[in-house]
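The next block holds one structure in the form of structure tokens; read it before the comments.
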């Protein structure tokens, strides 16, 4: 029986750690003790991330770096919004760095980071928190379910 490898449409169970250039850990499935389940080609991973995973087998470990354009993208100034303080609950924590969920017109929720509060204006950044960062991934493939299976 041939070894199953990561390919288009494969469902991959893996542990990963995302580190920033300064060595700090931005996210880790190991810390939560719960591996990620991802499907290649469903749009949840960047093409750069998928390219790094292609061909890996169960048990493989890999460390790789992705530039912003291949990871979480560059920060987009259009994703920074200035909202009126009256749009927030009276007891909302509007301190700088607070992450809040916002419901869009389409009903989906999106995270936003409070960047500044000046008078009645609240600046909210809807860019991915790691946008503009080069990130280092440390992955371990736990299992692969190929598209054909």
Worksheet item: Do any strands (runs of 3 or more DSSP E) lying entirely in region 1-78 carry at least 2 residues that are within 14 Å of residue 137 (Cβ to Cβ) and without any contact (Cβ under 8 Å) to a residue 40 or more places away in the chain, and which ones are they?
Response: 25-28, 36-39
Worksheet item: Got at least one residue in region 94-111 being part of a loop (DSSP other than H, G, I, E, B) and under 24 Å from residue 36 (Cβ atoms)?
Response: yes
Worksheet item: In region 45-67, which residues are at pLDDT below 95 and within 16 Å of residue 130 (Cβ to Cβ)?
Response: 45, 46, 48, 49
Worksheet entry | Conditions (1) surrounded by 13 or more Cβ atoms within 10 Å (Cβ to Cβ); (2) within 22 Å of residue 142 (Cα to Cα); (3) free of Cβ contacts under 8 Å to residues at least 60 places away in the same chain; (4) more than 18 Å from the chain's Cα centre (by Cα): number failed by residue 81 | (2)
Worksheet item: Can you spot a residue in region 118-136 that is part of a strand (DSSP E or B) and free of Cβ contacts under 8 Å to residues at least 12 places away in the same chain?
Response: yes
Discussion item. Condition first: modelled with pLDDT under 95, in contact with a helix residue (DSSP H, G or I) (Cβ under 8 Å, 6 or more places away or on another chain) and at positive phi. Can you find one or more residues in region 37-44 that meet it?
Written reply: yes
Response to the item:
Within region 103-128, the count of residues that are surrounded by 15 or more Cβ atoms within 10 Å (Cβ to Cβ) and within 30 Å of residue 67 (Cβ to Cβ) comes to 10
Item to complete: For residues that are within 14 Å of the chain's Cα centre (by Cα) and within 18 Å of residue 145 (Cβ to Cβ), scanning just region 16-54, find the one that is surrounded by the fewest Cβ atoms within 10 Å (Cβ to Cβ).
Response: 44
Discussion item. Going by what's in this entry, would residue 97 be described as within 23 Å of residue 18 (Cα to Cα) and surrounded by fewer than 12 Cβ atoms within 10 Å (Cβ to Cβ)?
Written reply: yes
Worksheet item: residue 6 is checked against (1) surrounded by 16 or more Cβ atoms within 10 Å (Cβ to Cβ); (2) assigned by TED's automatic domain parsing to the domain that holds residue 139 and fails just one. What number does that condition carry?
Response: (2)
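The values are calculated or read from the model by the stated rules, or taken from the named source; none is laboratory data. Note that the structure is predicted; figures quoted are calculated from it, not measured. Quick reminder, even Gly has a Cβ in these numbers, built from the backbone with ideal geometry, and neighbours come from all protein chains shown.
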